[in-house]
Structures are given as C-alpha cells and as structure tokens.
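Q: Please read through the structure below; I'll follow up with questions.
What follows is calculated from the coordinates using simple rules that are stated; it is not laboratory data. What you see is a predicted model, and the numbers here were worked out from it, not measured in a lab. Cβ sites come from the backbone with ideal geometry, for glycine too, and all protein chains shown count toward neighbours.
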Amino acid sequence: NRSQPLVGMRALVTGGPTHEPIDPVRFLANRSSGRQSYAIAAALAEAGAAVTLVSGPVALSPPAGVERIGVTTAVEMLAACEAALPVDIAICAAAVGDWRPLHVDAMKIKKVAGKTMSIELAENPDILASLSRHPQSRPRLVVGFAAETGDPLREAMAKLERKGCDWIVANDVSPNQGVFGGLNNTVTLLRRDRPPEAWPTAEKTSVAKRLVAEIALDLVGEDF
Ligand code: C5P
C-alpha cells in the first residue's frame, strides 16, 4: 500500500524531557517541548505503523491513533520502552536527562542562609544505546537524535558509533536556532556508509514526514 507503507509494523518513539526529582517539590529538567517526537509519532501512524509514544512531561495532546505512555524519569522511560518491545522501528527523540539526583529527599530540602548547596548526581541509563544493543529484541531500525551546540556533524558521527544505532538526526540547538520549543528544525540525516544529508529548515511536521518517508524507503523500498 503506497499511502500506508508501514502497515503491519510496530514503532516506538521516545519524546519530551525527563523530570528527575530532587525532593517532593523540585526536579531537574530541560527545554524539550516534545514537538519533534509527537510529529514523528503522528507521521508513523499516518504511514500505517502501530505506534507507541513513550513521553516525558509535555503540554501536547497525543496524536490520533498513537498509544501514548506517559513517564516522568529516565528510569521509567527505559522500563516503558522495554515493555513496548518487540518493535520494527525505534526512534529516540526524547531529551533524556543525563543524570538524576543520587538521593531523592522525602521532605522538602530546607535552605540554610549563606550556605552553598550541592546535589550529587547519578548517571541515567541510555535508552538509545540499550535499544541499539538489545540482546533479544533489537529493532530492525534504530534512529537517534543528536542535539548539539558545538560542531553538530562531528558530534553526531561519534554518537552513531558510540550508541550503536543505525541513523542519527543531528540538529543544532544553539540558543539562536530556536529549536527548543520552536516549530521549525534544521537537521542533517546521518546513516552508516552514506554521505550525510543536510535538509533545509522546515516545520517539525515536515521533517517528521520526510524522516518517515526515508524509513519506508529503507524498510519496504517504497517511495511515499
Ligand atoms: O548522548 P546524547 O544525549 O547527546 O544522545 C542523544 C540521543 O540519545 C537521543 O536520541 C536521545 O533520545 C538518546 N538518549 C537516550 N537516553 C539517554 C540519553 C540520550 O535515549 N539517557
């Protein structure tokens, strides 16, 4: 089916930030809006895939025909992704917190006048790497994102190797680019053994559709 090339396939998408609790009223988070991941989940569903969207806290409604599983922390996000396996396609677009507070206080931490305060952080699990190297259920295609502020292409190349995924969508999230929370995105698609493809700046919904078209072409050889 040309308009629905992904019928019969299962897709997993991660999106949004994670919130890592410090105490009952505070958490560590980041500026991800979830927009790009929600657009990808919607485009995959339109292409006929059965989509599970594992989402951190965002202010967006789930796209039509997508099963959304809401999570808060990176540890919860990994568990929800594991539970969604097996899938054919995994797209990790979440801005997962790299760290979580090592101890979560049961009571609100009190300030002490004139004193500095520090929070010890533990490393979070890497969901993209876990799915890419999954011993039993490695998806056929695993796509990661690389949000960089330095040299996006170089960083993304290294990430492809380090994480073991198949493709990386690299985007420049320098503050002047307005990617976080914005409607547009400027990305470069990196694939093993293929030259990088720099796509023109476009709405996140268009980037999502083009990415899904590339996925369909790769997995079922259909131009759609
Ligand atoms: O290492 P970095 O966070 O820059 O890598 C970004 C990519 O890795 C994104 O696809 C993101 O969703 C994924 N990631 C993840 N789990 C983490 C950190 C990043 O899935 N703990």
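Q: Could you pull out every one of the aspartates and glutamates with an alpha carbon less than 16 Å from that of residue 209, ignoring same-chain neighbours closer than 8 positions?
A: 46, 197, 218, 222, 223
Q: A further question on this structure: Applying 1/(1 + (r/R0)^6) with R0 = 22 Å to the Cβ-Cβ distance of residue 220 and residue 191, what FRET efficiency is obtained, to the nearest 0.05? Can you show the working numbers first?
A: Values: r = 17 Å, r/R0 = 0.76.
Once rounded, the FRET efficiency stands at 0.85.
Q: For the chain, with only Lys/Arg (+1) and Asp/Glu (-1) charged at the beta-carbon, what is the dipole magnitude about the Cα centre, in debye rounded to 20?
A: Numbers: 24 positive and 25 negative charges, 85 e Å.
Result for the chain is approximately 400 debye, rounded to the nearest 20.
Q: Another one. Taking the dipole about the Cα centre of the stretch 66-190, with the C-beta of Lys and Arg at +1 and of Asp and Glu at -1, give me whichever of 96, 129, 170 is farthest to the positive side.
A: 96
Q: Sticking with this one: Are there any trypsin sites (Lys or Arg not before Pro) in the stretch 112-158 that are in a DSSP loop and have at most 11 other Cβ atoms within 10 Å? List them by number.
A: 115
Q: What residue among 129, 94, 74 has the largest mean-square fluctuation in a Gaussian network model of the chain, using Cα springs under 10 Å?
A: With Cα springs under 10 Å in the chain, the top fluctuation among 129, 94, 74 is at 129.
Q: What's the center-to-center distance, using Cα atoms, between the stretch 1-67 and the stretch 105-172 in Å?
A: Using only Cα atoms, the two centres lie 17 Å from each other.
Q: Sticking with this one: Arranged by the count of other C-beta atoms within 10 angstrom, fewest first, what order do 167, 99 take?
A: Fewest to most other Cβ atoms nearby, the residues stand as 99, 167.
Q: Working from Cα positions, state the angle (0 to 90°, nearest 10) between the long axis of helix 74-84 and the longest principal axis of the chain.
A: For helix 74-84, the angle is close to 30 degrees.
Q: Between residue 72 and residue 112, what is the label-point separation in nm under the 7 Å Cα-to-beta-carbon projection?
A: It works out to 2.7 nm between the two label points.
Q: Test of understanding: ordering 61, 174, 55 by Cβ neighbours within 10 Å, fewest first, what list do you get? Please list the in-between numbers first.
A: Values: 61 8, 174 13, 55 26.
Ascending number of Cβ neighbours within 10 Å: 61, 174, 55.
Q: Shifting gears a bit: What is the spread of the Cα atoms of the chain along each of their three principal axes, largest first, in whole Å?
A: Between the extreme Cα coordinates on each principal axis of the chain lie 65, 35, 33 Å.
Q: Where the only charges are on Cβ atoms (+1 Lys, Arg; -1 Asp, Glu), what is the dipole of the stretch 45-117 about its Cα centre, to the nearest 20 debye? List each step's numbers first, then the result.
A: On the way: 6 positive and 7 negative charges, 148 e Å.
So the dipole magnitude of the stretch 45-117 works out to roughly 720 debye.
Q: For 66, 54, what ranking results if the residue with the fewest other Cβ atoms within 10 Å of its Cβ goes first? Display every interim value, and only then the final one.
A: Numbers: 66 20, 54 27.
Ranking 66, 54 by Cβ neighbours within 10 Å, fewest first, gives 66, 54.
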